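Peer 1: One structure, pasted below without further comment.
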Amino acid sequence: MIIDCHGHYTTAPPALAAWRDRQIAGLTDPAVAPVPAELRISDDELRESIGPNQLRLMDERGIDMTVFSPRASFMAHHVGDFAASSAWASLCNELCYRVSRLYPERFVPAAMLPQSPGVDPATCVPELVRCVEEYGAVAVNLNPDPSGGHWTAPPLTDRSWYPLYEKMAEYDIPAMVHVSTSVNPAFHTTGAHYLNADTTAFMQLVQGDLFADFPTLRLIIPHGGGAVPYHWGRFRGLAMALGKPPLEEHVLGNVFFDTCVYHQPGSDLLFEVVPAENILFASEMIGAVRSVDPDTGHHFDDTRRYAEAAGLSADDLSAIQETNARSVYPRLDALLRRQGR
């Protein structure tokens, strides 16, 4: 089977964005602030938003299961305070859970955390617990920059993040390190901020010794790792200069990359540089790049084509498309086994 580890609910019914607009307006005018119960989205509306979109493309591309989380750019942790982020995360996570209930063999939820700039990450633990225990979430999305492009948060190796890591280790769930909207005009959200963050997160992990404290912690760096595979020699050399072990020993036991790279040469580079056991299939379909590549006639985000044209061995391709995800997401593996898959 083929597991897509990177899906977002980018096609949620318009009522969700309308509720969010009211919430943002309520930050300055409490009289117009909505309450969560005012968001009403029927199961039929969910089906209408998924069926002709993600589900159709999954069927066309032969993708069996998608790890499904709230829309990354909608997380917008820089908006409002922790209370605002908490209410927003709760609603978004509930919708992804409901989609997984409607299509239990096609989608499994991953949780958005209610992060807020300058707020202790430990405040996110209750939502993590709720999503795992009540919704069956198999992962969380962790934003290393809740400020929205200004990078005011400490590095991921800082002990302030440890309460989250402790709970992740307890539940044996991974995190996808994924930023949200950039409000810094110097950094385009999807063309710069996302890729900058992927590269930055990896370097933070190289600089630190996080996995000495959390040897079972697993982090997925999306979008093919940003600049990391392209500059692998630079990171190897920097690790040496910092007195760190080789990257294979220092980080690759705990860090994984997805295949959200939208052309064949870039995908080939990823597969050539990064060990196959550290790569997970993903597409982030209906995401940042939704158009058809005029050079190929296929959608840029049809990443299965790149993997299958890369000349990988049958074992490596199987690992990338299925077995690595089952290992990195053990709760997903348990769900699939319960389903007889």
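The values are calculated or read from the model by the stated rules, or taken from the named source; none is laboratory data. Note that the structure is a prediction, hence the values are computed from the model and not measured. Cβ coordinates were reconstructed from backbone atoms using ideal geometry, including for glycine residues, and neighbour counts include every protein chain displayed. The protein model used for the area step is the full one, side chains on, heavy atoms only, and it has no ligands, DNA or RNA in it. Shrake-Rupley method; radii C 1.70, N 1.55, O 1.52, S 1.80 Å.
Peer 1: Hey, can you tell me all the residues within segment 32-76 that are over 23 Å from residue 138 (Cα atoms), open to solvent by less than 70 Å² (accessible area, probe 1.4 Å) and small (Gly, Ala, Ser)?
Peer 2: If the condition is that a residue be over 23 Å from residue 138 (Cα atoms), open to solvent by less than 70 Å² (accessible area, probe 1.4 Å) and small (Gly, Ala, Ser), then 33, 42 are the ones that fit.
Peer 1: Counting only residues that are surrounded by fewer than 20 Cβ atoms within 10 Å (Cβ to Cβ) and among the small types (Gly, Ala, Ser), how many does segment 96-127 have?
Peer 2: Residues in segment 96-127 being surrounded by fewer than 20 Cβ atoms within 10 Å (Cβ to Cβ) and among the small types (Gly, Ala, Ser): 2 in total.
Peer 1: Can you confirm whether segment 164-174 contains a residue that is more than 20 Å from residue 200 (Cα to Cα), among the hydroxyl-bearing types (Ser, Thr, Tyr) and modelled with pLDDT of 95 or more?
Peer 2: yes
Peer 1: Now, a different point. Counting only residues that are free of Cβ contacts under 8 Å to residues at least 24 places away in the same chain, give me the helices (runs of 4 or more DSSP H) lying completely in segment 35-104 with at least 2 of them.
Peer 2: Because the criterion is at least 2 residues that are free of Cβ contacts under 8 Å to residues at least 24 places away in the same chain, the helices (runs of 4 or more DSSP H) in segment 35-104 that meet it are 56-61, 82-102.
Peer 1: Working carefully through the options 215, 265, find the one that is surrounded by fewer than 18 Cβ atoms within 10 Å (Cβ to Cβ) and closer than 30 Å to residue 10 by Cα. Explain how you work it out, then say what you get.
Peer 2: On the way: 215 fails: closer than 30 Å to residue 10 by Cα.
Sole residue among the options that is surrounded by fewer than 18 Cβ atoms within 10 Å (Cβ to Cβ) and closer than 30 Å to residue 10 by Cα: 265.
Peer 1: I've got another one for you. What number of residues within segment 188-199 satisfy the criterion of being closer than 18 Å to residue 117 by Cα and surrounded by fewer than 20 Cβ atoms within 10 Å (Cβ to Cβ)?
Peer 2: Residues that pass the stated criteria total 1.
Peer 1: Can you name every residue in segment 107-133 that is touching a helix residue (DSSP H, G or I) at 6+ places or on another chain (Cβ under 9 Å), in a loop (DSSP other than H, G, I, E, B) and more than 23 Å from residue 63 (Cα to Cα)? Spell out how you get there, then give the answer.
Peer 2: First, the residues of segment 107-133 that are touching a helix residue (DSSP H, G or I) at 6+ places or on another chain (Cβ under 9 Å): 107-116, 119-133.
Those still in the list that are in a loop (DSSP other than H, G, I, E, B) too: 110, 113-116, 119-120.
Passing the criteria: 113, 114, 115, 116, 119, 120.
Peer 1: Among what's in segment 77-95 and is touching a Ser or Thr at 6+ places or on another chain (Cβ under 7 Å) and open to solvent by less than 10 Å² (accessible area, probe 1.4 Å), pick the residue that is nearest to residue 187 (Cα to Cα).
Peer 2: 77
Peer 1: Which of the residues spanning segment 134-143 are buried (at least 22 other Cβ atoms within 10 Å of the Cβ) and in a loop (DSSP other than H, G, I, E, B)?
Peer 2: Narrowing segment 134-143 to residues buried (at least 22 other Cβ atoms within 10 Å of the Cβ): 137-143.
Those that are buried (at least 22 other Cβ atoms within 10 Å of the Cβ) and in a loop (DSSP other than H, G, I, E, B): 137, 138, 139, 143.
Peer 1: Further question on the same structure: Report yes if residue 171 is under 30 Å from residue 300 (Cα atoms) and among the aromatic types (Phe, Trp, Tyr), otherwise no.
Peer 2: Taking the combined requirement at face value, the residue does not satisfy it.
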